[in-house]
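Q: This is the structure, below, for whatever I ask next.
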Amino acid sequence: MKIELLKADITEIQVDAIVNAANTSLLGGGGVDGAIHRKGGKAILEECVQIRNKQGGCKTGEAVITTAGNLPSKYVIHTVGPVWNGDKEEKSKLLADCYTNSLNLATQNGIKSIAFPNISTGIYHFPKDKAAEIAVRTVKDFDKSNEIEKVIFVCFDDENYKIYKSLL
Ligand code: AR6
């Protein structure tokens, strides 16, 4: 599995799947979630509503998959990061679950390349250095006989980019 780092807008990345930092409602929001729904168009929201009707949204740490509408990727994997409130161990485990469950879903769907945003480090206030360590460690630990060929960490802000650069 190749790991890459980019400073970019994830909605412009051409990969099999981009990951969305969603919320439990799956109905969209601000940050990267807002950008994905805005650029992806209504197809994504319609599929999110169907999933919501079937299973009542998405729990923190879990992930669901939809098509990507007008985006250059084929799929969007929506995962829900934890809101940081200082309960370190529980929140760290939930953040790791976001990466593992997204990669599992990718594997199940034959996805070869996947791009992650820095889940929970915006509106959900997870400390950026801690979140990056968890993201890198969890992705490196994920071993599913190399079915996923490429993982891209997409940083939007300078601070995250610098942290990832030093970690990778
Ligand atoms: N491309 C890549 N990364 C981005 C983009 C983009 N276009 N826009 C923002 N980021 P956030 P969270 C980065 O707040 O903390 C929403 O309302 C941003 O710099 O998007 O998990 C949801 O509906 C930050 O590093 O997600 C939830 O309610 C990272 O994406 C809530 O926000 C995550 O920031 C989720 O909060």
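Q: I'm trying to understand the selection: among the residues of the range 10-24, which are surrounded by 14 or more Cβ atoms within 10 Å (Cβ to Cβ) and either charged (D, E, K, R) or within 9 Å of the ligand (Cβ to nearest atom) (or both)?
A: Scanning the range 10-24 gives I10, T11, E12, I13, D16, I18, N20, A21, A22, N23.
Q: Can you say whether D97 is within 23 Å of D129 (Cβ to Cβ) and open to solvent by 20 Å² or more (accessible area, probe 1.4 Å), as far as the supplied structure shows?
A: So D97 passes the test.
Q: Against the condition away from the ligand (no atom under 13 Å from the Cβ) and either at pLDDT 95 or above or among the β-branched types (V, I, T) (or both), how does K128 come out, does it pass?
A: No, not satisfied.
Q: Could you list, ordered by first residue, the pairs with Cβ atoms under 6 Å in which the first is in the range 79-92 and modelled with pLDDT under 95 and the second is surrounded by fewer than 18 Cβ atoms within 10 Å (Cβ to Cβ), at least 6 apart or interchain?
A: Note: no pairs meet the criteria.
Q: If you don't mind, there's one more thing I want to ask. Among D16, D33, D87, D97, which is the only one that is acidic (D, E) and in contact with a Phe, Trp or Tyr (Cβ under 7 Å, 6 or more places away or on another chain)?
A: D16
Q: Limited to the range 129-146, what total is found for residues that are open to solvent by 50 Å² or more (accessible area, probe 1.4 Å) and touching a Ser or Thr at 6+ places or on another chain (Cβ under 6 Å)?
A: Number of matching residues: 1.
Q: Give me the pairs: first residue in the range 41-58 and open to solvent by less than 50 Å² (accessible area, probe 1.4 Å) and in a helix (DSSP H, G or I), second residue polar (S, T, N, Q) and at pLDDT 95 or above, beta-carbon distance under 8 Å, and six or more apart or on different chains, which are they?
A: A43/T66; A43/T67; A43/N70; I44/T66; I44/T67; C48/T66; I51/T66
Q: Of the conditions (1) open to solvent by 20 Å² or more (accessible area, probe 1.4 Å); (2) touching an Asp or Glu at 6+ places or on another chain (Cβ under 6 Å), I65 clears all except one; give me its number.
A: (2)
Q: Please go through the range 144-166 and pick out each residue that is within 11 Å of the ligand (Cβ to nearest atom) and part of a loop (DSSP other than H, G, I, E, B).
A: Hits for the range 144-166 are F156, D157.
Q: Basic (K, R), more than 8 Å from the ligand (Cβ to nearest atom) and under 23 Å from L168 (Cβ atoms): is that true of K54 in this structure?
A: The answer is no for K54.
Q: Considering only residues that are near the ligand (Cβ under 6 Å from one of its atoms) and part of a helix (DSSP H, G or I), look in the range 25-40 and name the one that is nearest to V154 (Cα to Cα).
A: Out of the qualifying residues, it is V32.
Q: Is it the case that the range 82-95 has a residue that's more than 15 Å from V19 (Cβ to Cβ) and β-branched (V, I, T)?
A: Yes: the range 82-95 contains one or more residues that are more than 15 Å from V19 (Cβ to Cβ) and β-branched (V, I, T).
Q: Name the single residue that is farthest from the ligand (Cβ to nearest atom) among those in the range 111-125 being more than 14 Å from Q14 (Cα to Cα) and open to solvent by 50 Å² or more (accessible area, probe 1.4 Å).
A: Per the criteria, the residue is H125.
Q: If you don't mind, another one. Does at least one position in the range 74-91 carry a residue that is assigned to a helix (DSSP H, G or I), more than 9 Å from the ligand (Cβ to nearest atom) and either open to solvent by less than 40 Å² (accessible area, probe 1.4 Å) or among the aromatic types (F, W, Y) (or both)?
A: Yes, that holds for at least one residue.
The values are calculated or read from the model by the stated rules, or taken from the named source; none is laboratory data. None of these values were measured; they are calculated from a predicted model. Virtual Cβ from ideal backbone geometry, glycine too; neighbours counted across all protein chains shown. Accessible surface is based on the protein model in full, side chains and every heavy atom, while ligands, DNA and RNA are left aside. Shrake-Rupley method; radii C 1.70, N 1.55, O 1.52, S 1.80 Å.
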